[in-house]
Amino acid sequence: MCHTSSHGTKRVIVWDLETVPDLGGFAAANDLVGKSDVEVRAAIGDKFPKHIYHSVVCIGILVAHAWRRAPYWPAGEA
């Protein structure tokens, strides 16, 4: 998401969610309750499970601002 304010400041917001498979949720939805984690993972296979079968373990956000005078940071400056 990028926004430019009336005084020339640009803002960028970046979100990142890290998830792990929700083995219990997948097992409940696919009649695998009581099966081992290994068996449930085998049923999921190598494919990326649907979002509903994930648990969020980390939420990351970056908010960056750039001004009209310096739309970038030269190499070596932070």
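The values are calculated or read from the model by the stated rules, or taken from the named source; none is laboratory data. Bear in mind the structure is a predicted one, so any value in this text is a computation, not a measurement. With ideal geometry, Cβ positions are generated from the backbone for all residues, glycine too; neighbour counts draw on all protein chains shown.
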At pLDDT below 95 and within 26 Å of the chain's Cα centre (by Cα), is that true of C2? yes
Could you go through segment 24-46 and let me know if any residue there is modelled with pLDDT under 95, out of contact with any helix residue (DSSP H, G or I) (no Cβ under 8 Å at 6 or more places or on another chain) and of a type outside the set (D, E). yes
Cβ pairs under 9 Å, 6+ apart or interchain, first in segment 14-32 and of a type in the set (S, T, Y), second in a helix (DSSP H, G or I) and exposed (fewer than 14 other Cβ atoms within 10 Å of the Cβ), ordered by first then second residue, are T19/H51
Scan segment 46-68 for residues that are under 21 Å from the mean Cα position of the chain (by Cα) and either touching a residue at least 60 places away in the same chain (Cβ under 8 Å) or not in a strand (DSSP E or B) (or both) and jot them down. D46, K47, F48, P49, K50, H51, I52, Y53
